[in-house]
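Taking it in order: structure first as structure tokens, then the write-up.
The values are calculated or read from the model by the stated rules, or taken from the named source; none is laboratory data. Values in this document were obtained by computation on a predicted structure and should not be read as measured data. Cβ placement follows ideal geometry from the backbone for every residue including glycine, while neighbour counts extend to all protein chains displayed. Surface areas here come from the heavy atoms of the whole protein model, side chains and all, with no ligands, DNA or RNA. Shrake-Rupley method; radii C 1.70, N 1.55, O 1.52, S 1.80 Å.
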Amino acid sequence: MHCLTGSETGLVVEGYADVEEWGRRGQGASIALLCVTGTRETTIAVERMVRRVLAVTPGVRVVVISDMKSASDVSKALEQGASGFIAMDSNVDVAIAAIRLVRSGGVFVPSHSVMQSRTETMPLPSGGGSLRDRVTAKQLEVVGLIRRGLPNKLIAAELEMSEFTVKVHVRNIMKRLNARNRTEVVALTNTYFTRDYATDDGI
């Protein structure tokens with residue numbers, strides 16, 4: 001709380017001892033940060049607390065902050081409805097960029113947590129260049145909507161194209177990024193999208 005309130009981002013930060021106290025006093029926030037430490041506490045948070053917060057206030061965006069950052073924890077948090085997962089050893093700038101991204105409708109996950117289940121590292125394809133050099137402008141739009149958690153049907157409606165075309169774009173995006181699924185697409189594009197949001201004066 002001290003780091004966020006002193007970050008000069010204009011954030012209004014309030015702290016509560018647990019989800020129950022937040023439910024009684026803290027409703028109305030746009031983002032709920034669940035800060036937990038330890039394996040057991042993290043498991044409880046991602047399996048129970050995320051759902052409880054969303055049940056009390058369906059419109060809130062939930063972000064888990066934990067010193068445990070396994071791929072399993074991250075995946076479970078997203079499956080339960082969380083919009084972000086921040087490693088506790090991240091610096092304040094990264095945390096603020098992640099919060100800004102989530103507040104704007106995106107999803108943030110620590111890429112190293114998602115990648116650790118792979119037998120080898122999975123960077124963007126070698127040869128240099130940014131994300132814009134790897135995908136087309138239309139595919140970049142698709143990536144942005146994937147990061148918002150939209151399924152193919154809603155992406156098709158948003159971009160006014162057929163669902164089949166969206167499937168082709170998603171398949172090509174995963175191929176170009178060497179990603180096995182949408183979660184890895186989100187992880188691999190965090191740097192690009194958080195950089196863009198980090199340059200925005202608002203939050």
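What to note about this one:
- Note on segment 100-203: enclosed helices (runs of 4 or more DSSP H) holding 1 or more residues that are at pLDDT 90 or above are 137-147, 152-159, 163-177.
Condition check ((1) touching a residue at least 24 places away in the same chain (Cβ under 8 Å); (2) small (Gly, Ala, Ser); (3) surrounded by 19 or more Cβ atoms within 10 Å (Cβ to Cβ)) across all residues:
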site: Met1; (1), (2), (3): no, no, no
site: Leu4; (1), (2), (3): yes, no, no
site: Ala29; (1), (2), (3): yes, yes, no
site: Ala95; (1), (2), (3): yes, yes, yes
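- Ser90 satisfies every condition listed in (1) open to solvent by less than 10 Å² (accessible area, probe 1.4 Å); (2) assigned to a loop (DSSP other than H, G, I, E, B); (3) under 19 Å from Cys3 (Cα atoms); (4) not basic (Lys, Arg) except (1).
- Subset of segment 52-75 [modelled with pLDDT under 85 and of a type in the set (Lys, Arg)]: Lys69
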